[in-house]
Each structure stands twice: as C-alpha cells, then as structure tokens.
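J.: Handing you a structure now.
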Amino acid sequence: MTTPRYVIDLAALRRNLEILSKVKQDAECKIVLALKGYALWKSFPLIRDYLDGCCASGLWEAKLSQQEFGSHTLTYSPAYKEPELLELLEISNHLDFNSPSQWLRFRDLALKHPRYHSGKLKLGLRINPEHSTGSTPIYDPCAAGSRLGTTTEQLDGVDLTGITGLHFHTLCEQNSHDLKSTLEAIHQKFGHILSRPEITWLNMGGGHWITKPDYDCDLLVKLIRETKQRYQLEDVWLEPGEAIAIHTGVLEASVLDIVTNAGQHIAILDVSATCHMPDVLEMPYRPDVIGPNGLAATASGQHLYRLGGPSCLAGDVIGDYAFSNPLKVGDKLTFDDMAHYTMVKTTTFNGVPHPAIALKHEDGSIECLREFGYHDFRDRLC
Ligand SMILES: Cc1ncc(COP(=O)(O)O)c(C=O)c1O
C-alpha cells in the first residue's frame, strides 16, 4: 500500500444516504449535498440516487454541481462579484443573497433573467436569527458582529419583492433539539416574512448531524413537517455536508521517523494536520487512529507517541496516541473519518505531497482515482 492515501468507502456512503433518504421521505423535504464539506465527484453517481442536488458556495462549486451532479444547485455566497453572479444566474436553481445590499445591488439583473421568469431560478435571502447554539466560536454564524446572514434589524424597510424563500445556516455537528430552539427564534423574528404568500420555501442549512447514531431524526421530521404546515411552504431544504460523508473514509499514512525529545516519543508521518486534515487544528478535532496491527490507538498507554506531520509548522501535530506495540519506521497508520472537510481543504504547504485518492467499491475492490505529483504542486503556484 502506497501512502499517503485517502480511501472513500462507497458502502459506508450508502449507509448514510439510506438514513438521509428516510428523513426525506418521512419529512417530505429535499436534501442536497454541501460541496464545501465533501466534493469527491466520482462518487456522485451513488449520491445522485438518494439526494436532490448540491449546495454550492460560489461559482466553482455551482459548476461542479451542474456538470457532475446534474440536479438542483442551491448557491449561497457571503458576497458575489458581478461576473460570477451573471454565470450563477445561468446555472443555479436557488440563488441566495447574504445581505440587503447584495440583494439590492443585483436584484434587477436577477429579476429580469429568463430563468427567473420561467421558474427555474428562485431567489432567496440568508437570515441570521442571532440564536447561538454551538460551542465553537469559529463555527458560530450567529455570534454578535457576524457577517453571515441578515438580522431583523438589517432587514428593516428592505423591499424583498422577488425573494421567494429564506435560508438559514446556524448549526454545526448538532442535534435536532438545537434546530428546534433555532426555529423558535426564527418564528419570533422572521415569522412575519415566512407568512407572506410569496415565500414558498425555507432552506434550513447544514450542521444537522443526521447520520450520527444518537441524532433524533423523529424530532427533525416533526419540525420540518410543522414548519411546512405553519407557513404553507412548498419545500423545506436541508444542505448537510458532514452528515453525508461522516465515517465514510480514511487517510492512510506511514511512519517516516521516530524521535524523542524531553522524554516524549514523536512519530513523524507522511501526512500532515495542516495540509491534509486542517480541522484537527481548526475545529479542533481528534481523529481515531488504527495502528499497524489493526488495533485502535488509545489516548494513553505504554507506547505513547505524538503524531506529527512533515511540515515546518511546529504545531503540525495530530495528537498523542498510545499503541499496543512500539512504532517503527515504515509502519502504516490509518486515520479514521477523513472524508469530509479534508480533500476540499488540503494544501501542498511546504511542498508536502498530496495524498492519492481512492474509492473502495461495494465489492471491496479499491480503485485509485488520482495520484498527485510535483506538477500539481508547481502548477498551483503560477
Ligand atoms: C451555508 C452552509 N450550508 C451548509 C453547510 C454544511 O454544513 P455541515 O457540513 O456541517 O452539514 C455549511 C457549512 O459550513 C454552510 O456554511
């Protein structure tokens, strides 16, 4: 086995999709894949059997959605440039604006577009209910001073003619109880807009941890059904990323060297926190690690190593892990749950080689989709 390598497991992906599909059916809602979290388009043929399209953060993701997924494209960006917007009008099914100023700036362009008139393009506004439920400030769009979404105060007196739906995204790895309290804030602050007859859809964003075993799907279904009924909505949309790809992929690595400093054993790997799993530093997040003998590493124990990457960053450290045997150069380690918010975020900082990308098919065979070389590094730089 050549490392480093991401391996995406299609059987695991299908397991998640089956759960999401049941929610869709029970709640009579639509669910799309948030490309920002997972965008391995070679797996789209499977996802397309279950979901309604993709959520795009701008033109490039919208193009990927249109070209490789080929169903609905729901686009939202904190701010559009005019040339980008002109292309997005051609390929988006929903185009959501973040602020009244963006809406008012581009409204005329959007409203005169033939796709708007034919009903293929719907225009929406992202709202900010200012109701924080998460625990990590960097993932809280509702924090005071946030740039994400329009507050009731910012909305005062704005002409929304042409807007047919609202969009909110306030959750991150959360259960439906937090959606419940968020919806209560939305009823209070934006209920008067949702009640307007021209508002026909609501996009409840991502951050719903639907495929986690303790997620309360029944409550989610109830909330969607109640909201649809309360405002006579035609559609409610969810746009999760993580829930689709959680526990569907691994990152395989090799031990390059072992050093000891001040009594601390350190294994230097051919994978890097900063280059290949940046959420380990940003979230922060501690991945599970499987040792060379197939046994899970633990947080403490006899053969304890600090696992670090080959970059110059002193903090390029994945964490401290104990193994059942001493590690040695050439040993293979497997980092679990590495499909989402990894491949979409990687860099070749320090010229660290990018992991290959492989698919594990449902019959168990592994297909290498792409290997990266020096030219991929060079060509990104000019
Ligand atoms: C607007 C929007 N929609 C959807 C998502 C997907 O969220 P998640 O992957 O947590 O489900 C995000 C994530 O940041 C987002 O910003």
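J.: Within the stretch 168-224, track down each residue that is aromatic (F, W, Y) and within 17 Å of I19 (Cβ to Cβ).
T.: Correct list: W209, Y215.
J.: For the stretch 328-382, which positions are touching a Ser or Thr at 6+ places or on another chain (Cβ under 7 Å), in a strand (DSSP E or B) and open to solvent by 50 Å² or more (accessible area, probe 1.4 Å)?
T.: Correct list: K332 only.
J.: Tell me the residue from P114, P100 that is in the same structural domain as L179 (by TED's automatic domain parsing), in contact with a Ser or Thr (Cβ under 7 Å, 6 or more places away or on another chain) and more than 16 Å from the ligand (Cβ to nearest atom), please.
T.: Values: P114 fails: in contact with a Ser or Thr (Cβ under 7 Å, 6 or more places away or on another chain).
Only one candidate qualifies: P100.
J.: Would you check which residues across the stretch 254-291 are farther than 27 Å from K345 by Cβ and either open to solvent by 70 Å² or more (accessible area, probe 1.4 Å) or in a helix (DSSP H, G or I) (or both) and list them?
T.: Within the stretch 254-291, T260, N261, A262, H265 meet the criteria.
J.: Within the stretch 192-206, track down each residue that is under 20 Å from A27 (Cβ atoms) and not in a loop (DSSP other than H, G, I, E, B).
T.: Those that are under 20 Å from A27 (Cβ atoms) and not in a loop (DSSP other than H, G, I, E, B): L194, W201, L202, N203.
J.: Just checking: which of the helices (runs of 4 or more DSSP H) contained wholly in the stretch 82-183 hold 1 or more residues that are farther than 25 Å from K30 by Cβ and open to solvent by 20 Å² or more (accessible area, probe 1.4 Å)?
T.: 82-91, 100-111, 152-155
J.: I've got another one for you. When the residues of the stretch 189-216 are filtered to those that are more than 18 Å from T133 (Cβ to Cβ) and open to solvent by 10 Å² or more (accessible area, probe 1.4 Å), which remaining residue is nearest to the ligand (Cβ to nearest atom)?
T.: T211
J.: Out of the stretch 238-253, which residues are open to solvent by less than 10 Å² (accessible area, probe 1.4 Å) and within 10 Å of the ligand (Cβ to nearest atom)?
T.: L238, P240, G241, A243, I244, A245, I246
J.: While we're looking at this one, here's another question. Can you say whether E198 is within 23 Å of L104 (Cβ to Cβ), touching a Ser or Thr at 6+ places or on another chain (Cβ under 7 Å) and assigned by TED's automatic domain parsing to the domain that holds D26, as far as the supplied structure shows?
T.: Details: within 23 Å of L104 (Cβ to Cβ): yes; touching a Ser or Thr at 6+ places or on another chain (Cβ under 7 Å): yes; assigned by TED's automatic domain parsing to the domain that holds D26: yes.
It is true that E198 is within 23 Å of L104 (Cβ to Cβ), touching a Ser or Thr at 6+ places or on another chain (Cβ under 7 Å) and assigned by TED's automatic domain parsing to the domain that holds D26.
J.: Continuing with this model, one more query. Of (1) within 27 Å of A245 (Cα to Cα); (2) open to solvent by 60 Å² or more (accessible area, probe 1.4 Å), D316 satisfies all except one. Which?
T.: Unmet condition: (2).
J.: Within the stretch 33-68, can you find the residues that are more than 10 Å from the ligand (Cβ to nearest atom), farther than 22 Å from L202 by Cα and either open to solvent by less than 10 Å² (accessible area, probe 1.4 Å) or in a loop (DSSP other than H, G, I, E, B) (or both)?
T.: A39, L40, S43, F44, I47, D49
J.: I've got another one for you. In the stretch 153-188, what residues are of a type in the set (S, T, N, Q) and either within 16 Å of the ligand (Cβ to nearest atom) or under 14 Å from P240 (Cβ atoms) (or both)?
T.: T170, Q174, N175, S176, T182
J.: Right, next: Say we look at the stretch 228-237 and pick out the residues that are assigned to a loop (DSSP other than H, G, I, E, B) and open to solvent by less than 70 Å² (accessible area, probe 1.4 Å); which of these is farthest from L13 (Cα to Cα)?
T.: Y231
The values are calculated or read from the model by the stated rules, or taken from the named source; none is laboratory data. This is a predicted model, so every value here is computed, not measured. All Cβ positions, even for glycine, are placed from backbone atoms using ideal geometry, and neighbour counts span all protein chains on display. Remember, those area values only see protein heavy atoms, side chains included, never the ligands or the DNA or RNA. Shrake-Rupley method; radii C 1.70, N 1.55, O 1.52, S 1.80 Å.
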